[in-house]
Amino acid sequence: MTNHWVDIKNADVILIMGSNAAENHPIAFKWITEAKNKGATIINVDPRFTRSSSKSDIYASMRSGTDIAFLGGMIKYALDNNKYNTQYLLDCTNSSYFIDPNFQTARDPNHPGQFSAKDTWTYHLDDSGNPIKLDGALEGICPVHGTACGAKTVFTHLKDQYSIYDATTVCSITGTDPLVYGTICQTYCDTYLDYKSATMLYAMGWTQHTVGSQNIRTATILQMLLANMGVAGGGINALRGWHNVQGSTDHGVLYHLITGYNPSPQNIWKHSILGAVGTTNSFLDTETPKALDPYPSVAPASGNWWGNRPKYVSSMLKAWWPTIDHNISYQYLPKRHKDMSHISLFEDMLDNTPDSPRTYPIKGLFVWGTNPGVIGSDVERERSALHNLEWMVVCDLFETETSNFWKRPGVDPVTIKTEVFLLPGAAFYEKKGSVTNSGRLAQWKDKACDPPGDALDELEILRRLGDAIKSLYSGSLLDRDKPIVDINWPYDPRLSTDLTEGISKEINGYYVATGTQVTNFVGLKDDGTTACGNWLFSGTWPDAGNQMINRDPIDYHPAQIGIYHKWGYSWPLNRRIIYNRASVYQTGSNEGVPLAPNKWVIWWDAAANAYKGDGDVVDGYATARPSAYYPFIMRNEGVGRLMGIKGLADGPFPEHYEPKETPLTANPLTSGLGPLSNPAVYVYPGTIFAAPGDPNYPIVATTYRLTEHWHGGAMTRNLPWLCQIMPEPFVEMSEELALAKGISNGNYVIVSSARGSITVKACVTKRFKPLTIAGKTVHQVGLPWHWGFAAICSGDSANVLTPHIGDANTRIPEYKAFLVNIYKV
């Protein structure tokens, strides 16, 4: 989230899309309701009429997997009707930057639906290697090379890219009512005015697609066009599904990252040494962005905050191996040699069979507090992959479909050789520590009670496991054992005698020589004198004490926008709204004045030559006037990118592609001339899909969550009262589809996909309606996915039906758009 939970109340328009916040994020809806009470308009776009829809002012239905078309049409509406904030675009985005003259959008007739070669997805440079931009205009002639070079600005390419996303075309793809769609476009795009703001709230409904990353990119384009980034009541705000998902990704749980969103080293020549910026073929030189300034000798300049990466990575290495030179301990880090995202992990295990052994097979698997035996896509395929392990350790509160995969119906356990260990973990209230919510707010919690029996806090389990491993290598002089022999396990003993607090202090960072805490990440060094487990959280536990435990319920911000800066600690540097320097005018006579003075975030006081006190923490370079540095400091050119620069695999602009399983045989956007589905998506060998327009599977399906159950159900399906409230799985369908199929509410039905079938009850409602897509009637159904064969209340898992395919960039599984058929039992 760029903003935070409380800030939702400041929005004039709230778009809930890819989320059912009323049911799944009730704290978010508290602030949505407050915004509505102040006059905000709530828009909900969803294939199903949900509880969020019932609380919205405008509801629009749409077909799953068509979000880019929907949002792309809103972009075209803003461009066609001049509802974009010109000054914001010029000062805060790359809209006026020129692009490589050879670049062509997906509208080029030579390759409809696809872009020119990836090496053209970059800026047009001058002879010194600096990007070229216009001053004071969004479109025009290259000021360095003239008309002959053929270079066009990002803004020109943006208009070309979305030129065919007219409302008629969009609604024929999404199935949305054109009148409702027009109202949404007008209502939302009216927030381009300086004094207004709109926020977008999304969840798994946007991410769990083969185009999930591009769904969010489309949202960022629209928000920057409307000047809704960095302001109060604006932003792109992800509603996380667990209370600490944000914290887990912050701390490097994703396979391609180490802590603080630094890239994990790969097994490639350019990552062979740690090196330094300027050292050829070194990790830090390769992974540290170089500033891209159109005018490097004059203001504004690019802050290029990722230029500090050497400090953050070196300090992390010193936290783990403080007695070892960080250039040496870099060699201790494992080097990533292949994709190990969720789907790839299971595909790798699945391929390792006696008939086809792998060179480097996955022999063992730790599963901590997750249940892939329910939540995995094409879940029977993932359950089968577990057969090929030598051992698996599951840490959870109860037995799960993962720990019991060998007990599932139809499987002979004698044929499975995997040795399974089940460790009893602790529940949320049985352990202390920090959790980081969707708004980047880290809050400390105390332990309410001890876990029962032999159950332990997972932190203690990990400590004991590490102790045992380290003891096995004690005294070894082999170079290959040094990463374990030399590791600072579990943390520097000078920090604390308490395990949880000591690790938290290591995460904050300290001076290696003295063991005293650093104040925040501004003080980190790349010379080995500082240690810091995660630069983002540097500031959470300085010498002044634990800042995550703060609980002052007073909003000290003069505009009363809900900053509450003395409640918990929000990374980075306790900032509540990131990119907030974009909330003021960057240049001109009103430099530093907020776009919306009635809900200002920060305010430059020209007379005092400083920002006003009690505002939000300024997003970088707080002692310099706004015109000194561009506001989007995490980009190496310092501005937000309407066009991605050599970024995502599937294009520098989002383009609508049909889901891998679609009821259509041609992409309506390109009249069938372009690719049907995302050409950048990797298809794993042996995976099974329904053919486009397959008459055997004519119904679009999506999965969703319920209030009564949580994710894989390991906790909630073991609670008798919740099992009474929601005892079994079902498929939700429209009255029209039920009538056509001869199905009544409560009938048992078989739902089948190309991968398998499940038997569930039919729930016939008015919440789904038939859609008209490209001239044909298309039905959609919904399936909650919490069930499995274990626990008190069991049932067939909806993920038996979902395909084993993921986003082109992140490989997050496609759970939200696939094809099924339904028959009455």
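Residue under question is THR497, and the condition is that it be β-branched (Val, Ile, Thr), part of a loop (DSSP other than H, G, I, E, B), out of contact with any Lys or Arg (no Cβ under 7 Å at 6 or more places or on another chain) and open to solvent by less than 70 Å² (accessible area, probe 1.4 Å); does it hold? It is false that THR497 is β-branched (Val, Ile, Thr), part of a loop (DSSP other than H, G, I, E, B), out of contact with any Lys or Arg (no Cβ under 7 Å at 6 or more places or on another chain) and open to solvent by less than 70 Å² (accessible area, probe 1.4 Å). Does SER734 satisfy the criteria of being at negative phi, over 30 Å from the mean Cα position of the chain (by Cα), open to solvent by 10 Å² or more (accessible area, probe 1.4 Å) and small (Gly, Ala, Ser)? Considered against the rule, which asks whether it is at negative phi, over 30 Å from the mean Cα position of the chain (by Cα), open to solvent by 10 Å² or more (accessible area, probe 1.4 Å) and small (Gly, Ala, Ser), SER734 comes out as no. Please verify whether region 547-565 includes one or more residues that are of a type in the set (Phe, Trp, Tyr) and open to solvent by less than 30 Å² (accessible area, probe 1.4 Å). No, that holds for no residue. Scanning region 683-705 for residues being assigned to a loop (DSSP other than H, G, I, E, B), crowded, with 18+ Cβ neighbours inside 10 Å and touching a strand residue (DSSP E or B) at 6+ places or on another chain (Cβ under 8 Å) gives a total of 3. Whenever a residue of region 426-437 is touching a residue at least 24 places away in the same chain (Cβ under 8 Å), its partners that are assigned to a loop (DSSP other than H, G, I, E, B) and hydroxyl-bearing (Ser, Thr, Tyr), lying with C-beta atoms within less than 8 angstrom and at least six residues away or across chains, give the pairs SER434/THR540.
Considering the conditions (1) crowded, with 21+ Cβ neighbours inside 10 Å; (2) on the phi > 0 side of the Ramachandran plot; (3) in contact (Cβ under 8 Å) with a residue 60 or more places away in the chain, TRP600 is excluded by exactly one of them, (2). From ILE549, ILE554, ILE563, grab the single residue that is among the aliphatic types (A, V, I, L, M) and under 24 Å from the mean Cα position of the chain (by Cα). Sole residue among the options that is among the aliphatic types (A, V, I, L, M) and under 24 Å from the mean Cα position of the chain (by Cα): ILE563. Within region 605-663, if we keep just the residues that are polar (S, T, N, Q) and under 18 Å from THR93 (Cβ atoms), the residue that is surrounded by the fewest Cβ atoms within 10 Å (Cβ to Cβ) turns out to be SER627. When region 405-439 is filtered for residues that are part of a loop (DSSP other than H, G, I, E, B) and crowded, with 19+ Cβ neighbours inside 10 Å, the ones remaining, listed by number, are GLY425, ALA426, LYS431, ASN437, SER438, GLY439.
Only one of these is outside any loop (DSSP other than H, G, I, E, B) and at pLDDT 95 or above: ALA442, ALA513. Name it. Show your work before the answer.
Details: ALA513 fails: outside any loop (DSSP other than H, G, I, E, B).
Result: ALA442 is the single residue among ALA442, ALA513 that is outside any loop (DSSP other than H, G, I, E, B) and at pLDDT 95 or above.
Candidates in region 76-91 are the residues that are closer than 28 Å to TYR629 by Cα and free of Cβ contacts under 8 Å to residues at least 60 places away in the same chain; of these, the one that is most open to solvent (accessible area, probe 1.4 Å) is ASN82. For region 254-280, the set of residues classified as within 23 Å of ARG635 (Cα to Cα), among the aliphatic types (A, V, I, L, M) and assigned to a loop (DSSP other than H, G, I, E, B) consists of LEU254, ILE258, LEU274, ALA276, VAL277, listed by residue number.
Residues considered: VAL518, VAL512. Of these, the only one that is over 28 Å from the mean Cα position of the chain (by Cα) and buried (at least 22 other Cβ atoms within 10 Å of the Cβ) is VAL518. A count restricted to region 140-178 and to residues that are closer than 21 Å to GLY73 by Cα and assigned to a helix (DSSP H, G or I) stands at 17.
The set of residues from region 514-568 being closer than 16 Å to VAL313 by Cβ and touching a His at 6+ places or on another chain (Cβ under 7 Å) comprises GLY528, ASN534.
The values are calculated or read from the model by the stated rules, or taken from the named source; none is laboratory data. In this text, all values refer to a predicted model and were calculated from it rather than measured experimentally. Positions of Cβ are generated from backbone atoms using ideal geometry, with glycine treated the same way; all protein chains shown enter the neighbour counts. Just so you know, the surface numbers come from the protein's heavy atoms only, side chains and all, with ligands and any DNA or RNA stripped out. Shrake-Rupley method; radii C 1.70, N 1.55, O 1.52, S 1.80 Å.
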